[in-house]
1. Here are some values of semi-axes √(5λ) of the Cα gyration tensor in Å: [x] 32, 23, 15; [y] 35, 19, 17; [z] 26, 20, 19. Which one was computed from this structure?
2. With springs connecting C-alpha atoms under 10 Å apart, model the chain as a Gaussian network and identify which of Leu123, Leu176, Leu191 has the largest mean-square fluctuation.
3. Could you work out the relative contact order of region 8-264? I mean the mean sequence separation of Cα pairs under 8 Å and 6+ apart, divided by the number of residues, in percent.
4. Compute the separation of the alpha-carbon centres of region 177-220 and region 32-76 and state it in Å as a whole number.
5. Going by amide H atoms built from the backbone, whose H comes under 5 Å of the H on Ile133, apart from near neighbours?
6. In the chain, what % of DSSP beta bridges are antiparallel (nearest 5)?
7. Listing His162, His125 from the residue with the fewest other Cβ atoms within 10 Å to the one with the most, what is the order?
8. How high is the relative contact order of region 131-212, in percent, with contacts defined as C-alpha pairs under 8 Å that are six or more residues apart?
Amino acid sequence: MSEKTLKAKDLLAPAYPCPNGKLALVAPALIVPLTGTTAAMLVEEAVAAEAGGANMLEWRIDFMLDAHEQLSFEPLAHEAVRPILEATSAALLLTIRTAGQGGEARVSEGRYRLLLAELLDVLVHLDAPMDRIVLDLEHWLDSAPALAAQAQDLGITVIISHHDWVETPDSEVMQLMFEEMLEQPGVVAKLAVTASSDADVQRLLDVCQGVAKQSGRALIAIAMGDSGRRSRFEGWKYGSVATFATVGAASAPGQPTVAELRAAL
């Protein structure tokens, strides 16, 4: 691990820091998912991902939830979170992706909310470096605004996300989705859609650029599937502040490797 750790807010800074200003971002944050189902696997994946070029690691907690129904964050904080943070300098994105959003966690709204609240409580007791932590909250959750505010009060960067696994909605709908997510002050808005053509990709990127310029806020725009790969390489040119890649197993269709991304950026 390098002596200088990476702060989440710097990696996910707005691409257009001033509304209607010029593009400021040089390159997007490179996020690699960790999908291991044991603490040892997660730490091994984290070290390999950073060595491969990632500057943000996404622990997909839902993969472990699927394998261990009675998951408790308390021991995992000491067995996985702390070792990951100590072994790497990367920022750490914590994600519980529900089945309705394409993930592995088959949980009720109440269970999802309680898991997120427990996760925040454990991070406090762990005395984790909050400036390295990012929390993903799914947009559909009624309590997302309250949880986002609680996380932000702790110094955690928050992503509000929505994933459409069916299509790329109309441009007006995508713009509205971004704007609704940005109603929560200070969050990063992430919209992932399923592209069936390059025209779908271009519409997503154009919407991202328009909202990013107008709002001066940080956005993430991803077109999933093979048809959407261009968004992962070129999204930063349109104001998307992060892209997802893989060192081992992919967590979504169309993800390139970190090596491919680094060579292209």
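1. Label of the calculated value: [z].
2. Leu176
3. 24 percent
4. About 27 Å separates the Cα centre of region 177-220 from the one of region 32-76.
5. Under 5 Å from the amide H of Ile133 lie the amide H atoms of Ala8, Leu92, Thr157, each far enough along the sequence or on another chain.
6. On the way: 0 of 34 bridges.
Of those bridges, close to 0 percent are antiparallel.
7. On the way: His162 18, His125 11.
Listed from fewest to most nearby Cβ atoms, that is His125, His162.
8. The value is 30 percent.
Each value in this text was obtained by applying a stated rule to the coordinates, not by laboratory testing. Just so you know, these numbers come straight off a predicted model, no measurement behind them. Virtual Cβ from ideal backbone geometry, glycine too; neighbours counted across all protein chains shown.
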